[in-house]
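Everything on this sheet refers to the single structure shown next.
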Amino acid sequence: MTPSITDSTVKAALAAIASESATTEEKIQMLIELAQGLQKKPKTSGDLWNAVELYQQAIKMCSGDYSLWKARSQAGMAGALKSIPDVGAELLLQAKAGYEEALPILRQLAGVVEVAEAQMNFGLVLQSLVPFNLARITDSIAAYQEAMGVFTSQDYPQEYAILANNIAIAYLSMSGESEQQNLYAGLAVQTFESALKQINLIDHPREYAMLQNNLGNALQYLPSSHPVENNLRAIAAYNESLKVRTCQGTPVEYANTIANKANALFNLPDDPEKPELGNSQNLLQARAYYQEAWEIFSQCQQMEQAEAVAQALHEVGAEIRVSMSNDDK
């Protein structure tokens, strides 16, 4: 059940719209604009529920004369539902149904950018439903690729970067036989690298850092007969990301990247030319990164990440003790 509106500002706005001498179309527009305002920078999930209620009011006002406004309201409500934190799939399924109903009308009556934005968000909903076995990852990728036909790197670099990132992550999540898995991982790396030819550090630093960080992750877990080379490439990608992500400016993103870099160091020989000499120095560096990441995650109340890093700290500590024991022999 959708909670009823409690926010006094929203209630007042609804009352004003009800008594306003504006036309029906103008009232629908006002409802949508108010909902979009709540949806853009929600302070709590209550803001998103309020947006859902406003979209529902707009949909009720849309008769056969306002099919485009109805589709816009449905897509907007689906976006709000998608963003509400929920452990289950119910809200995502509602969002999926909203996009499926809205998209055919948007394709007929809306501009290409509006359609592409809906496709992009629809792809994200489908991708989020895959772990529940309620959607196919290939459908998610198809939705992203359709949106990418409009959101090109030249005209819409931010949207393009997000789409490329989502497509690559979708490839990484695909399962199959060993050879298929290798293919999907390779496609993910290619997608990240292709996007990074379009997105640069100077013009789009945030997107650049995101793509480099996730390229590092893809390289690190890429099945290959050259794991050392892949880890070295991964570390280079993380270093590029850390040109943007800093402890002061973006602490959580910074902590994610140094934890990822620590994972790569954990498995990297100190001297790649002489792997038989071990990796005691890289283990010590990995421990320092894990420790820093754990402190940041804990301070920022990111408890799930903090717990995962604490486990990594335990493992790297045990590995260091083994390494020191071997050195003493």
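The values are calculated or read from the model by the stated rules, or taken from the named source; none is laboratory data. Fair warning: this is a prediction, and the values are worked out from it, not measured in the lab. Glycine gets a Cβ as well: all are built from the backbone with ideal geometry, and neighbour counts include every protein chain shown. The protein model used for the area step is the full one, side chains on, heavy atoms only, and it has no ligands, DNA or RNA in it. Shrake-Rupley method; radii C 1.70, N 1.55, O 1.52, S 1.80 Å.
Just a few scattered comments:
- Test: residue in the stretch 89-97 that is at pLDDT below 90 and of a type in the set (D, E, K, R): no
- Filtered by the rule that a residue be open to solvent by less than 60 Å² (accessible area, probe 1.4 Å), closer than 16 Å to SER175 by Cβ and assigned to a loop (DSSP other than H, G, I, E, B), the stretch 111-139 gives a lone residue, ALA135.
- Lone unmet requirement of (1) open to solvent by 30 Å² or more (accessible area, probe 1.4 Å); (2) part of a helix (DSSP H, G or I) for TYR99: (1)
- Condition check for GLN248: more than 20 Å from GLN220 (Cα to Cα) and in contact (Cβ under 8 Å) with a residue 24 or more places away in the chain: no
- Summed over the stretch 272-290, residues that are more than 35 Å from the chain's Cα centre (by Cα) and either over 15 Å from PRO227 (Cβ atoms) or not in a loop (DSSP other than H, G, I, E, B) (or both) total 5.
- Meets criteria (open to solvent by 10 Å² or more (accessible area, probe 1.4 Å) and part of a helix (DSSP H, G or I)) for LEU106: no
- Number of positions in the stretch 275-329 that are at pLDDT 95 or above, surrounded by fewer than 18 Cβ atoms within 10 Å (Cβ to Cβ) and among the charged types (D, E, K, R): 5
- With respect to the conditions (1) in contact with a Ser or Thr (Cβ under 8 Å, 6 or more places away or on another chain); (2) of a type in the set (Ser, Thr, Tyr); (3) not in a helix (DSSP H, G or I), SER21 falls short on a single one, namely (1).
- Restricting ALA142, ALA78 to those that are among the small types (Gly, Ala, Ser) and farther than 17 Å from ILE169 by Cβ reduces the list to ALA78.
- Test result for LYS60, under 29 Å from the mean Cα position of the chain (by Cα), farther than 13 Å from ILE84 by Cβ, charged (D, E, K, R) and modelled with pLDDT of 90 or more: no
- Within the stretch 35-82, the residues that satisfy the criterion of being within 17 Å of LYS11 (Cβ to Cβ) and of a type in the set (Gly, Ala, Ser) are ALA35, GLY37, GLY46, ALA51, ALA58.
- Selection status of ALA18, open to solvent by less than 50 Å² (accessible area, probe 1.4 Å), over 30 Å from GLY149 (Cα atoms) and at pLDDT below 90: no
- Per-region count, the stretch 3-15, residues surrounded by 13 or more Cβ atoms within 10 Å (Cβ to Cβ) and either modelled with pLDDT under 70 or touching a helix residue (DSSP H, G or I) at 6+ places or on another chain (Cβ under 8 Å) (or both): 5
- Among residues of the stretch 26-44 that are more than 13 Å from ARG72 (Cα to Cα), none has a Cβ under 9 angstrom from a residue that is among the basic types (Lys, Arg) and open to solvent by 80 Å² or more (accessible area, probe 1.4 Å) at a sequence gap of 6+ or on a separate chain.
- Tally of residues being under 12 Å from ALA116 (Cα atoms) and charged (D, E, K, R) across the stretch 140-176: 2
- Of all residue pairs spaced 6 or more apart or on separate chains, those with beta-carbon atoms under 8 Å, a first member in the stretch 212-234 that is without any contact (Cβ under 8 Å) to a residue 60 or more places away in the chain and aromatic (Phe, Trp, Tyr) and a second member that is surrounded by 15 or more Cβ atoms within 10 Å (Cβ to Cβ) and assigned to a helix (DSSP H, G or I) are TYR221/LEU172; TYR221/ALA185.
- Within the stretch 142-170, the residues that satisfy the criterion of being of a type outside the set (S, T, N, Q), over 22 Å from ARG206 (Cβ atoms) and surrounded by fewer than 21 Cβ atoms within 10 Å (Cβ to Cβ) are ALA142, GLU146, GLY149.
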